[in-house]
Every structure is written in structure tokens, then in C-alpha cells.
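Remarks on the structure that follows.
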Amino acid sequence: MIIMKPAYPPLLQMSPAYTPRPLKNLFTANQCWAHLLKEGGLRDIEVESVTKMLACGTSILGVKHYTCGNHSCPHVKYLCNTCSCRACPSCGKKATDQWIA
């Protein structure tokens, strides 16, 4: 099992505006995902998809750093990358909506 370390400080992982997605809550509540991994019996693609989904929207997948074009302006915006996985509720929905359109 690969343990991924965040590329940025924990502060960026969970900004005040961050709201965990319901499916993430199901997998992380009472360490359900950890127990499933421990028991085994999951295919590699299942482990990969869920791991990507759990990392989606956090600094684990990288962060884009945007600054204001005005050099005297202190505003900085950090956007966490998404997983682009079909199994992810938010990324999969976006891909489906684009495919249908």
C-alpha cells in the first residue's frame, strides 16, 4: 500500500470552505476504508479508484497557486487538484455531463 504525503502544509488540505463529500464521509467514518483494505479481497482498480476519490480536492493531488496580477496586491488563491476518476461522485458527474452535452 502506498502512503501519500501531502505536498503542502495541512492547513491547505482542509480550508474553512472545504466541505467533505458525502461518499468520502461514508468511507472515512469509523475508519471503514481502512478496515476494508485490511480485510483484503479488493481488486487493484477498486483500491485505486477509492484512493483517488478520497484524495480528490485535497493537496495530496497537488495545488494550483494563483496570485493577483498586481504586484502590490497580497491576494493569493490555492485550488486543490481533482482526481478525474469516474468513480468519484463529483469528477464522474462532470465527465458524464460533458459526455451527454
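By the gyration tensor of its Cα atoms, with a ≥ b ≥ c the square roots of the eigenvalues, what is the shape of the stretch 23-100: rounded for a/c under 1.5, prolate for a/b over b/c, or oblate? Judged from the Cα gyration tensor, the stretch 23-100 comes out prolate (a/c at least 1.5, a/b above b/c). Rounded to the nearest Hz, the phi-derived 3J(HN,Hα) couplings of the stretch 90-101 under the Karplus curve 6.51 cos²θ - 1.76 cosθ + 1.60 (θ = phi - 60°) are 7, 5, x, 5, 4, 5, 5, 4, 5, 5, 5, 5, where x marks glycine and proline. Full extension of the chain segment joining GLU46 with LYS77 gains 7.9 nm, where the gain is 0.36 nm per residue of separation less the Cα-Cα distance. For the pair LYS38 and TRP99, the difference between a 0.36 nm per residue extended length and the Cα-Cα distance amounts to 18.3 nm. Computed on the stretch 23-100, with alpha-carbon pairs under 8 angstrom and 6+ residues apart, the relative contact order is 25 percent.
Subtracting the Cα-Cα distance of ASN70 and THR28 from their residue separation scaled by 0.36 nm leaves 11.0 nm.
Read-outs throughout are calculated quantities, based only on the coordinates presented, and are distinct from any laboratory measurement. It should be emphasised that the depicted structure is a prediction, and the values quoted were computed from it without experimental measurement.
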